[in-house]
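Data first, discussion second: the structure below is written as structure tokens.
The values are calculated or read from the model by the stated rules, or taken from the named source; none is laboratory data. Just so it is clear, the model here is predicted, and its values are computed rather than measured. Positions of Cβ are backbone-derived with ideal geometry, glycine not excepted, and every protein chain shown enters the neighbour counts.
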Amino acid sequence: MTGPTAVRPRRRAGRVWGTLAAIIVALAVLLVVADIVVRNVAEERFGQEIRANLPEGVDGEVDVAIGGFSVIAQYLSGTMDQVRLSAPALDVNGATVAVDVVGEGVPVDLASPVAELTGTITVDEDSLNRLVEVAGVEGGFTLGDGVVGYQGTLDVLGLAIDYSVTARPTAAGDTVLLQPEGVDVGTGGDAVDVSGLVDRLLGDDPIPVCVAERLPEGVEVQDLRITPGTATVELRAQELMLDEASLARTGSCG
């Protein structure tokens, strides 16, 4: 049969499909809005927990951003795919550092270890010297283009010989290795033969500087970049707990 009576069912079917499409779109919008709300709540809660777990002597604002498509689905699974922590001005025992950390496989309740963490610490020359002290280095380190400089004094035949060394640092897990590249001898150097002193300071082996004592146990230095006045340190850790006790427990060098 053709005519008006045949058209009416098609119109009703069209209206039904249109209504279903509108409902689906509305539900999708509600899910997106709900996910945004849950994401904001989760980021705030993570931020509060991280700030509460900062070890003694460390203070500052920590911003949290949760990655991944659906925070609700991640939350129900018990693990967040990716969580980024950013602290552009963290106070560490009076020194200001910028910290950026990305965690992969972060448990919702932080009661289990994070699968993998990678981080970047950026520190200026003054803050570096507040945090790192090395025996025999007087006046701290200076940061140049890919190199660090340091000064000291040695006793040679009863004379105090001042020297300054330029060294290239490399990352080595729990330590930073300083390979001297140049030596300048100052006051007193003209009075005696200092060739042996120069050879001693240059040496064949790099000078190890333990950094594990300044980092949570299990965190290692993967890379180190030096520019004039600034040092950038790349860190990595696996199966690290983010509770206060674990963050306060530092490593040691063998």
Contacts under 8 angstrom Cβ, first residue in the stretch 111-140 being within 18 Å of T230 (Cα to Cα), partner assigned to a helix (DSSP H, G or I), 6 or more apart: V123/L131; L131/R214; V132/R214; G140/E125; G140/L128; G140/N129
Residues that are at pLDDT below 90 and of a type in the set (G, A, S), drawn from the stretch 76-87: S77, G78
When residues of the stretch 113-124 are limited to those that are crowded, with 18+ Cβ neighbours inside 10 Å and not β-branched (V, I, T), the one nearest to D81 (Cα to Cα): L117
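Of everything in the stretch 75-100, what is not hydroxyl-bearing (S, T, Y) and not in a strand (DSSP E or B)? Give them in sequence order. Write out each step before concluding.
Residues of the stretch 75-100 not hydroxyl-bearing (S, T, Y): 76, 78, 80-85, 87-95, 97-100.
L76, G78, N93, G94 - these are the residues of the stretch 75-100 that are not hydroxyl-bearing (S, T, Y) and not in a strand (DSSP E or B).
Could you please let me know if E239 is surrounded by fewer than 19 Cβ atoms within 10 Å (Cβ to Cβ), outside any helix (DSSP H, G or I) and on the phi > 0 side of the Ramachandran plot?
Values: surrounded by fewer than 19 Cβ atoms within 10 Å (Cβ to Cβ): yes; outside any helix (DSSP H, G or I): yes; on the phi > 0 side of the Ramachandran plot: yes.
So E239 fits the description; yes.
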The stretch 85-104 residues that are assigned by TED's automatic domain parsing to the domain that holds Q48 and farther than 22 Å from M241 by Cβ, paired with ones that are at pLDDT 90 or above and of a type in the set (A, V, I, L, M, F, W, C) (beta carbon under 6 Å, 6 or more apart): P88/A98; T96/A89
Selected residue (criterion: modelled with the lowest pLDDT) from residues of the stretch 92-141 that are within 30 Å of Q74 (Cβ to Cβ) and of a type in the set (S, T, N, Q): S112
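Would you mind stating whether A87 is closer than 26 Å to P228 by Cα and within 22 Å of the chain's Cα centre (by Cα)?
Values: closer than 26 Å to P228 by Cα: yes; within 22 Å of the chain's Cα centre (by Cα): yes.
Answer is yes for this residue.
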Test: A73 is more than 14 Å from the chain's Cα centre (by Cα), over 23 Å from E244 (Cα atoms) and modelled with pLDDT under 90: yes
Single unsatisfied condition, S246 versus (1) in a helix (DSSP H, G or I); (2) at pLDDT 90 or above: (2)
